[in-house]
1. Return only the number of the condition from (1) more than 23 Å from G97 (Cβ to Cβ); (2) modelled with pLDDT of 85 or more that F18 does not satisfy.
2. With the requirement that a residue be in contact with a Pro (Cβ under 9 Å, 6 or more places away or on another chain) and at positive phi, what does the range 30-85 give you?
3. Suppose the filter is at pLDDT below 90, in a strand (DSSP E or B) and crowded, with 16+ Cβ neighbours inside 10 Å; does M76 pass it?
4. Within the range 79-110, can you find the residues that are surrounded by 15 or more Cβ atoms within 10 Å (Cβ to Cβ) and over 30 Å from P126 (Cβ atoms)?
5. Look at S88 and say whether it is part of a strand (DSSP E or B) and in contact with a Pro (Cβ under 9 Å, 6 or more places away or on another chain).
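The values are calculated or read from the model by the stated rules, or taken from the named source; none is laboratory data. Note that this is a predicted model, so its numbers are computed, not measured. A quick note on method: Cβ atoms are made from the backbone with ideal geometry, for glycine too, and the neighbour counts reach across all protein chains shown.
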Amino acid sequence: MKKLLFLIAFIALSISCFAQKAASFTVEVTTDSILMGNNFKVTFSVKNGQGVNFELPEFADFYVVGGPNQSSSYTMVNGDVTQEMSYSFYLEPKEIGNYYIEPAGIEIDGEYYETQPMEVIVVPNPDGIKQQPERRGGGADFFRGFDFDFPTSPTPPEPPAKKKKKRKTYRL
């Protein structure tokens, strides 16, 4: 009886260890409202699966000013494996109004996934304000919260003059 319970526990444990997390396909925008004349970033992400046949949505109401940019990551912490692959684009709206980023599609492990449509509101920009798309993580943003006191002069300060040591001379 003990051997049977041990065998059942071992099988259940091995199945849970090899079970893969469910795959997902999502869309994310840096902002859902933007001033006219600025751009924003839209990212399509595949998590826990190998995506093939990526179908890009039509960006009919936007100019593509950057992209496609592709990135991937693979993380393993204490046996927990997570992998992510993303495609990102920088878009600039053509006109003021409410627009939708149409769904994108991808095939993951034989199944077809599609993102939800995303609404983007474009408002007038009479003052010509320029916005920068937000960044997630990255080396450039690492120091953003710190206050460093760097010298303002472009030239380094001169080193202090060295004192000459007097030597005693002896005659022979």
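1. Single failed check for F18: (2).
2. Answer for the range 30-85, where residues must be in contact with a Pro (Cβ under 9 Å, 6 or more places away or on another chain) and at positive phi: just G37.
3. Numbers: at pLDDT below 90: yes; in a strand (DSSP E or B): yes; crowded, with 16+ Cβ neighbours inside 10 Å: no.
It is false that M76 is at pLDDT below 90, in a strand (DSSP E or B) and crowded, with 16+ Cβ neighbours inside 10 Å.
4. Q83, E84, M85, S86, Y87, P103, A104, G105, I106, E107, I108
5. On the way: part of a strand (DSSP E or B): yes; in contact with a Pro (Cβ under 9 Å, 6 or more places away or on another chain): yes.
Yes; evaluated as a whole, the condition is true for this residue.
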